[in-house]
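Bear in mind these aren't lab numbers, they're just calculated from the coordinates by the rules spelled out. Because the structure is a prediction, the values reported are computed rather than measured. All Cβ positions, glycine included, derive from the backbone under ideal geometry; neighbour counts span all protein chains shown.
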Amino acid sequence: MRAILRDFKDAIEPEDVFLLNDPYTAGGNHLPDWVIARPVFVAGKLVAFACNRAHQADIGGGAAGTYNSAATEIFHEGIRLPVLKLIEGGSTRDDLWRLLMINTRLPEALGRRPARHDRLDPHRRRAAGGCWSRSWASSARRRFLRGRAGPCRPPLPRLHRPPGQGRVARRGAGRQRLLRADRRQDRRHPDGEGPTA
């Protein structure tokens, strides 16, 4: 969202919809994952974005599908999208839509025109009509945002373990297996490719 705010600053309107995918200029994670973002306004003030990130079936590039194992540079992977205003003031930009359609081998898989921004409307309405409409600066707004991010939080500590930080079994053979596995991992490169020198 930083890229949208950076590139469009004061040119964000309630009925606009933004599209991006480029990891270098727009904050995307990789080219096949397109982000569609719609602003949420309360009392005329931009307070959030309702977003959808979805993996696309084909975005051009050197190979059909969304993975080109022979790619040696980002241009081999497919179309790069900086932050673009796909829908401006509620109207789809036909020139941009045509550009997207001719850069895929599967235009029917990208969806109907206009793009899939309509899926964001219930979330945008819920945010605008919920806790923010009473007092968008209140603690209710923070509770709402924590509620949206809440399902992501519990698994993260379990999934992320710095290299060398072992799992611990209380006793028995299970403990020995875990310690051996952690020692083997410590002898590998940080990227997991082969033993260190």
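Below are the figures for this structure:
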quantity: Karplus-derived 3J(HN,Hα), 6.51/-1.76/1.60, for each residue of segment 9-17, Hz, glycine and proline x; calculated: 5, 8, 9, 9, 10, x, 9, 7, 9
quantity: Highest average packing first - 40-50, 95-105, 64-74, Cβ atoms within 10 Å; calculated: 40-50, 95-105, 64-74
quantity: Under 5 Å, built H, 5+ apart or other chain: amide partners of Ala48; calculated: Val40
quantity: For peptides 28-34, 4-10, 81-87, sequence by mean Cβ density within 10 Å, most packed first; calculated: 81-87, 28-34, 4-10
quantity: Radius, Kirkwood style, for segment 32-87 when every pair of distinct Cα atoms is counted (Å); calculated: 13.3 Å
